[in-house]
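Every number here is computed from the coordinates shown, using simple stated rules; none is lab data. All figures in this text were calculated on a predicted structure; none of them were measured in a lab. Because the Cβ atoms are built from the backbone with ideal geometry, glycine has one as well, and the counts that use them run over all protein chains shown.
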Amino acid sequence: TACSSKYVLSQMHPMWQGPLVVPGGDRQSPIDIAVRKTVFDSELKPLVATYDPQTCQQIWNNGYSFLVEYDDTTDKNTLKGGPLQDKFRLCQFHFHWGESNDWGSEHTVDRRLFPAELHLVHWNSDRYTLFEEAVMEENGLAVIGVFLKVGKRHEGLQKLVDALPAIRHKDSIVEFNRFDPGCLLPANINDYWTYHGSLTTPPLTESVSWIIMKQHIEVSHDQLAVFRSLLFTSAEEVQKSMVNNFRVQQPIRGRTVRSSFT
Ligand SMILES: Cc1ccnc(S(N)(=O)=O)n1
Ligand SMILES: [Zn+2]
């Protein structure tokens with residue numbers, strides 16, 4: 001699908017430090033969410049996420065993370081409500097994680113790091129026809145962020161974990177069907193923070209309405225260890241473990257983070 005990130009990065013590229021110059025650059029992501037500085041907005045509506053597991057297509061290693069991609073040629077997987085004025089279409093989800101359980105997330109809450117963070121990437125299908133158009137526009141994308149904590153095994157995640165050994169190397173891809181991304185959302189999706197920011201990997205465009213869930217999900221230590229068994233490198237290269245694939249935090253630049261809860 002058009003949404004797969006075309007930006008395959010070599011592991012030598014200190015990408016997560018980000019290129020030196022970024023377009024505009026005053027609304028970059030990720031950020032620290034300083035809870036006492038967030039502003040409750042009673043106008044924020046409940047989020048409505050509707051996903052069809054049958055539209056799941058493939059899972060692949062793009063040399064930066066692994067992506068589960070959905071057919072985004074119809075409005076089968078939609079996100080609306082919350083801070084969003086338009087209807088958005090899911091194109092893919094992926095994760096960021098650390099080499100240890102002490103760090104790995106991109107966003108932080110009062111400087112607290114989580115071992116990993118899930119991103120569900122959606123584009124504005126009311127205004128654009130392709131992800132690649134929307135990615136350049138101010139109101140083009142909506143990304144749901146969910147923090148992962150290490151604890152009990154996540155039953156729904158196991159099907160995905162079992163597919164990872166088949167995509168160990170960069171640019172490997174396997175067919176992946178019938179996966180419900182909704183099973184990765186926390187029970188309560190109505191408590192979230194939202195702010196305007198950017199993609200955290202190239203093209204780093206400032207086109208994202210971020211919706212960060214207050215409630216985390218739990219995965220087991222062993223499930224996260226399989227994420228770390230992936231490689232940044234292709235089969236011919238010297239192996240480098242795919243870990244610490246997160247970007248450093250960016251300046252808030254006067255932005256307000258709104259909360260949907262008090
Ligand atoms: C699709 C895409 C590309 C780049 N970066 C992101 S992210 N990490 O901001 O969700 N998503
Ligand atoms: Zn991401």
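The chain has equivalent-ellipsoid semi-axes of 25, 21, 19 Å, by the square roots of 5 times the alpha carbon gyration tensor eigenvalues, sorted largest first. Rounded to the nearest 20 debye, the dipole size of the chain about its Cα centre is 660 debye, using +1 on the Cβ of Lys and Arg and -1 on the Cβ of Asp and Glu. Taking θ as phi - 60° and the Karplus parameters 6.51, -1.76 and 1.60, the scalar couplings of region 196-206 work out to 8, x, 10, 5, 9, 10, x, x, 6, 5, 8 Hz in sequence order, x denoting glycine and proline. Listed cross-link partners Lys80/Lys240; Lys80/Lys170; Lys45/Lys76; Lys149/Lys240; Lys37/Lys152; Lys87/Lys170 are compared with a 27 Å cut-off, the Cα-Cα value being larger for Lys80/Lys240; Lys80/Lys170; Lys37/Lys152; Lys87/Lys170. Applying D = kT/(6 pi eta Rh) to region 85-160, where Rh is the Kirkwood radius over alpha-carbon pairs, T corresponds to 37 °C and eta to 0.692 mPa s, the Stokes-Einstein value obtained is 235 µm²/s. Residue-wise HN-Hα couplings along region 153-159, as the Karplus relation 6.51 cos²θ - 1.76 cosθ + 1.60 with θ = phi - 60° gives them from phi, are 5, 8, 4, x, 6, 4, 4 Hz; Gly and Pro carry x. Expressed to the nearest 5 percent, the antiparallel share of DSSP beta bridges inside the chain is 80 percent.
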